[in-house]
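For reference, the structure is listed below as structure tokens.
The values are calculated or read from the model by the stated rules, or taken from the named source; none is laboratory data. This structure is a prediction, so every number in the text was calculated from the model and none was measured. Cβ placement follows ideal geometry from the backbone for every residue including glycine, while neighbour counts extend to all protein chains displayed.
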Amino acid sequence: MKLLNALLPSVALIAAAASAAEPAVQESRYLWPADYMADPAAHVFDGKVYIYTSHDWDSPVTDASDGAHYDMRDYHAFSLTGDPMTAEVTDHGAILSIDDVPWVARQMWATDVAEKDGKYYLYFSAKDYNGLFRIGVATADSPAGPFKAEPDPIRGSYSIDPAVYRDGDDYYLYFGGLNGGQNQRYDDNNILREMAPRPAKDDLAFGPRVAKLTPDMKQLAEQPRHVVITDSLGNRMLESDPRRYFEAPWIHRYGDKYYLTYSTGSSHLICYATADSPYGPFVYGGTILTPVTGWTTHQSVVEVDGKWYLFYHDSAPSGGRSSLRSMKVTPLTHLPDGNIVTIDGGKKK
């Protein structure tokens, strides 16, 4: 796939486009058109880019408000060497499946992988036999897997979308998603009731949770904390704010700032906020990606050979079926002032 000339524009042109608030229309690439792979979590291990995905399939489960139609049953690992926009992609196959994890009943949703001392740890969210989302962990000697799951979920874990960030010797687990992701069912890490309603429009928006991991990477070293996201004046966002957090936390560092990227759910944006600490508070910065085809999107951000990339998914190849998604990649640009150029997600208006 040829790279567009726009991938190497001058900083002045990028800054002008960003200041005009017009999303950048740029080249993107479907990484595995042969099958439906969602929620890509990208990392560089051993000089290669590894991408860990959930695996959509044509499930008989119909669309449901709790997300039951996202009926994934395994995870895949992919790898490439070099430029993600052009390099050949290898599918390493299923690295963990529902039959391998005794506590999982259904819905193996988003995952992430971290490396420590030559071991690889896969964190995944799935529903147990009580209908609650929990977070599990599995280990492997290779980033390509296969992974062997612990027999029980992580103690004190709940909700969905685990993402791990390494900061020096510390590893932080971020997680949490609303509605079907069940984040609203917990207050101070205690489950509230059988069925919790979505927050009212005037309620403070829920944020993700974060906790350090234990040295063995298999448990939480502390009680999960709320991650606070504010506007530029320090005000917490309300549930009605189209910029508010919904799901899909991801952390990367650029310069001296920690960047939290996330999905806004019903407004279908990928946004970012910045902080001076992995715990936050994070200050809203802007939109990274405008709406894509399909209801969900889920992102990761990674640096490869000095260039930054956004990995995400959409449902265009399946004709817009939200539960059949395809992973993509596109270049991402940080401006000198720390802002990120907004990318056009391609959804037709």
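Table for the structure above
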read-out: Single residue of the stretch 216-265 satisfying the filter (among the acidic types (Asp, Glu) and without any contact (Cβ under 8 Å) to a residue 40 or more places away in the chain) that is farthest from residue 278 (Cα to Cα); value: 241
read-out: Which listed residue, of 243, 209, 155, is of a type in the set (D, E, K, R), under 20 Å from the mean Cα position of the chain (by Cα) and within 27 Å of residue 101 (Cα to Cα); value: 209
read-out: Qualifying residue in the stretch 12-21 (condition: at pLDDT 80 or above, over 23 Å from residue 133 (Cα atoms) and not in a loop (DSSP other than H, G, I, E, B)); value: no
read-out: Qualifying positions in the stretch 199-250 - part of a loop (DSSP other than H, G, I, E, B), farther than 16 Å from residue 183 by Cα and polar (S, T, N, Q); value: 214, 219, 232, 235, 240
read-out: Lone unmet requirement of (1) surrounded by fewer than 19 Cβ atoms within 10 Å (Cβ to Cβ); (2) aromatic (Phe, Trp, Tyr); (3) over 27 Å from residue 307 (Cβ atoms) for residue 175; value: (1)
read-out: Residue in the stretch 252-266 that is buried (at least 16 other Cβ atoms within 10 Å of the Cβ) and modelled with pLDDT under 95 present; value: yes
read-out: Residues that are surrounded by 15 or more Cβ atoms within 10 Å (Cβ to Cβ), over 21 Å from residue 34 (Cβ atoms) and charged (D, E, K, R), drawn from the stretch 304-322; value: 307
read-out: Residue tally, condition over 25 Å from residue 279 (Cα atoms) and either small (Gly, Ala, Ser) or assigned to a strand (DSSP E or B) (or both), over the stretch 139-179; value: 7
read-out: The one condition in (1) surrounded by fewer than 23 Cβ atoms within 10 Å (Cβ to Cβ); (2) closer than 30 Å to residue 184 by Cβ; (3) of a type outside the set (A, V, I, L, M) that residue 136 fails to fulfil; value: (1)
read-out: Every residue from the stretch 281-334 that is without any contact (Cβ under 8 Å) to a residue 12 or more places away in the chain and under 28 Å from residue 71 (Cβ atoms); value: 319
read-out: The lone exception for residue 112 - which of (1) over 19 Å from residue 301 (Cα atoms); (2) crowded, with 23+ Cβ neighbours inside 10 Å; (3) not aromatic (Phe, Trp, Tyr) it fails; value: (1)
read-out: Residue within the stretch 142-149 that is under 19 Å from the mean Cα position of the chain (by Cα) and not aliphatic (A, V, I, L, M) present; value: yes
